[in-house]
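The values are calculated or read from the model by the stated rules, or taken from the named source; none is laboratory data. Please read all numbers here as calculations on a predicted model, not as lab measurements. Positions of Cβ are generated from backbone atoms using ideal geometry, with glycine treated the same way; all protein chains shown enter the neighbour counts.
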Amino acid sequence: MSMFRDITIGQYLSGSSVVHRLDPRTKITIVGVFMVVLFAATDAAAYATLTAFTVLAVHLARVPARMLLRGLRPVLILLVLTFTLQLFLTPGRTMFTLGPLVASWEGLRMGLFMVARLLLLLVMASLLTLTTSPVSLTDGLESILAPFRVVGLPAHELAMMMTIALRFIPTLMEEADKIMKAQMARGADFESRSLSRRIRSLVPLLVPLFVSAFRRADELATAMEARCYRGGRHRTRLNRLRATALDAAAAALTGFMAAVVIGLRWWPG
Amino acid sequence: MPPDDLIVTSGLGHRYGAGTEQEVTALEGVDLRIAQGEFVAVIGPNGSGKSTLARHLNALLLPTEGRVTVNGLDTRDPDHHWSIRQTVGMVFQNPDNQIVATVVEEDVAFGPENLAVPPEEIRRRVDEALALVRMQDYARHAPHLLSGGQKQRVAIAGALAMRPACLVLDEATAMLDPRGRREVLQTVRRLNRDEGLTVVLITHFMEEAALADRVVVLDRGHLVMDGRPEEVFSEVDFLEGIGLGVPQIVGVRRLLEEAGHPIPPSVLTLEAMVDFLCP
């Protein structure tokens with residue numbers, strides 16, 4: 001029984017849809033723009049536009065709906081809570097009363113908008129990670145952050161750290177599994193019902209895991225140095241990111257969507 | 001210095017923690033010349049300074065005494081380090097701790113990327129290096145799903161993509177199963193023979209050392225023997241005296257000789273023995 005076998009890193013679903021083929025920089029930027037625009041939306045027409053955009057994106061990505069729904073399950077409680085709080089705590093015309101609590105029509109409207117906002121946000125964010133491999137996500141982030149190097153942001157170093165983390169997570173998981181089995185063979189109890197005992201049982205797992213992680217880090221640093229690594233300066237890349245006509249089309253569509261939503265807010269009617 | 005000497009160490013000494021209470025002398029007075037195209041095995045008991053020596057060959061460690069030159073460049077000059085590390089590629093013991101990227105081909109590209117090679121040229125070198133270690137079918141695979149022997153071949157490809165003149169394997173087979181060990185050894189032997197790559201194989205498996213053109217023996221930081229494998233492995237008593245064995249075949253040869261069947265000393269591997277006995 002391996003405790004860690006089911007954990008996959010990221011939730012990338014490989015495919016060849018138009019969304020998969022977009023440059024990661026385009027996708028990251030679209031999600032960024034979408035988030036900003038989402039907070040400018042105040043009426044039903046704006047939400048309808050945003051929803052249409054999201055549905056179109058999901059459709060084009062050809063991602064099974066159940067994959068997206070699975071990602072929403074953990075936040076279900078948050079959605080219900082948000083809706084309930086908005087419903088009862090927004091002052092306005094009374095819809096119904098529940099003991100001391102008064103539900104208002106304005107609350108219903110606010111609650112629905114709030115839930116829609118969270119849902120759209122989550123779907124778009126999941127879509128990004130579902131259609132972009134961790135490697136290209138990292139490359140995209142590095143490229144987007146690169147201009148901020150002039151103000152001292154270590155864009156390359158951050159991306160390198162992410163890459164190494166992604167590379168070593170499966171290795172360390174395997175190791176954790178091995179250590180756990182070794183400790184269980186010596187009578188360690190990882191399945192106790194008592195929380196304090198369970199936390200204490202993690203010590204003999206975490207200590208060797210950290211010791212080994214530090215040793216690995218040291219060896220990896222030596223190996224990187226042996227392969228002439230000296231930071232991000234003067235470095236070239238095997239795979240360069242290339243924006244195509246597809247990216248231009250996606251950007252145009254996003255721009256149109258943003259213009260509609262912002263137009264509805266400031267020039268209603 | 002003759003131009004065909006790729007690596008020269010003269011009076012090389014290294015002390016860890018010099019000037020402290022835990023000062024340890026790892027190497028002392030090592031004189032070694034490695035010519036272009038040679039296949040040299042370095043053997044020695046644990047703590048004999050094998051890995052310390054390996055790390056001097058590409059300036060990961062700097063001599064505390066004497067000097068090391070690679071292609072005539074002194075390793076003590078920091079300006080030469082990148083050129084030296086490009087010339088002398090290195091493969092380490094633990095296959096997991098030397099692979100940087102999450103995709104095989106991106107890992108092989110890591111060295112040339114650091115050398116600022118243009119992307120089209122990196123692509124060429126990556127494909128070529130993966131083909132040389134026969135891993136071209138795994139270019140898009142995730143490294144953590146490969147076997148130990150495959151990971152080490154990827155690590156070799158990563159070094160080859162820098163177009164080195166020499167490959168140093170620092171106990172690169174120690175953590176592998178017999179099959180992985182065979183894969184790696186066949187690969188380096190082929191690279192040495194067909195591509196003219198200089199190979200320095202640090203190992204504690206005598207059977208592996210028997211495959212080299214030349215065997216260097218270290219003991220407590222000193223170079224105690226340097227010669228052809230048949231010369232070195234005929235000194236059975238000396239090797240056993242410093243805690244090393246000899247290839248199993250050498251023992252078999254001795255027994256056969258005692259029984260009155262002389263076997264030439266160049267027979268050091270199982271294959272060679274079979275070829276000799278059943279021509």
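What to note about this one:
- Screening A:E157 with (1) modelled with pLDDT under 90; (2) among the charged types (D, E, K, R); (3) surrounded by fewer than 14 Cβ atoms within 10 Å (Cβ to Cβ) gives one miss only, at (1).
- Residue count for segment A:65-83 under the criterion of being free of Cβ contacts under 8 Å to residues at least 40 places away in the same chain and surrounded by fewer than 16 Cβ atoms within 10 Å (Cβ to Cβ): the result is 10.
- Condition check for A:M95: in the same structural domain as A:S212 (by TED's automatic domain parsing) and at pLDDT below 90: no
- So A:L119, is it part of a helix (DSSP H, G or I), under 22 Å from the mean Cα position of the chain (by Cα) and either in the same structural domain as A:F34 (by TED's automatic domain parsing) or aromatic (F, W, Y) (or both): yes
- Given (1) free of Cβ contacts under 8 Å to residues at least 24 places away in the same chain; (2) more than 29 Å from A:V19 (Cβ to Cβ); (3) not hydroxyl-bearing (S, T, Y), number of the condition A:A213 does not satisfy: (1)
- 2 or more residues more than 9 Å from chain B (Cβ to nearest Cβ) and among the basic types (K, R): qualifying helices (runs of 4 or more DSSP H) within segment A:125-232: A:155-185, A:195-201
- Taking each residue of segment A:105-121 that is free of Cβ contacts under 8 Å to residues at least 12 places away in the same chain and looking for partners that are in a helix (DSSP H, G or I) and acidic (D, E) with beta-carbon atoms closer than 6 Å, six or more apart or interchain, yields nothing.
- Residue in segment A:10-25 that is aliphatic (A, V, I, L, M), within 14 Å of A:L120 (Cα to Cα), surrounded by 14 or more Cβ atoms within 10 Å (Cβ to Cβ) and in contact with a helix residue (DSSP H, G or I) (Cβ under 8 Å, 6 or more places away or on another chain) present: no
- Options B:A59, B:A18, B:A41, B:A54; residue that is farther than 28 Å from B:E231 by Cα and buried (at least 17 other Cβ atoms within 10 Å of the Cβ): B:A59
- Condition check for A:T254: at pLDDT 90 or above, surrounded by 14 or more Cβ atoms within 10 Å (Cβ to Cβ), more than 25 Å from A:M160 (Cβ to Cβ) and among the hydroxyl-bearing types (S, T, Y): yes
- Candidates in segment A:165-217 are the residues that are among the β-branched types (V, I, T) and surrounded by 12 or more Cβ atoms within 10 Å (Cβ to Cβ); of these, the one that is farthest from the chain's Cα centre (by Cα) is A:I179.
- Where a residue in segment A:235-254 is more than 12 Å from A:I30 (Cβ to Cβ) and its partner, wherever it lies, is assigned to a helix (DSSP H, G or I) and modelled with pLDDT under 90, with Cβ under 7 Å and at least six apart: A:L241/A:D139
- Sole residue being touching a Lys or Arg at 6+ places or on another chain (Cβ under 6 Å) and closer than 27 Å to B:E106 by Cβ, chosen from A:A176, A:A165, A:A155: A:A155
- Subset of segment B:82-99 [in contact with a helix residue (DSSP H, G or I) (Cβ under 9 Å, 6 or more places away or on another chain) and either aromatic (F, W, Y) or surrounded by fewer than 23 Cβ atoms within 10 Å (Cβ to Cβ) (or both)]: B:W82, B:Q86, B:F92, B:Q93, B:N94, B:D96, B:N97
- B:R190 being under 16 Å from the mean Cα position of the chain (by Cα) and not in a strand (DSSP E or B): yes
- Note on segment B:87-144: residues that are without any contact (Cβ under 8 Å) to a residue 24 or more places away in the chain, facing chain A (nearest Cβ under 8 Å) and of a type outside the set (G, A, S) total 9.
- Within segment A:233-247, considering residues that are more than 8 Å from chain B (Cβ to nearest Cβ) and either part of a loop (DSSP other than H, G, I, E, B) or of a type in the set (V, I, T) (or both), the one surrounded by the most Cβ atoms within 10 Å (Cβ to Cβ): A:L241
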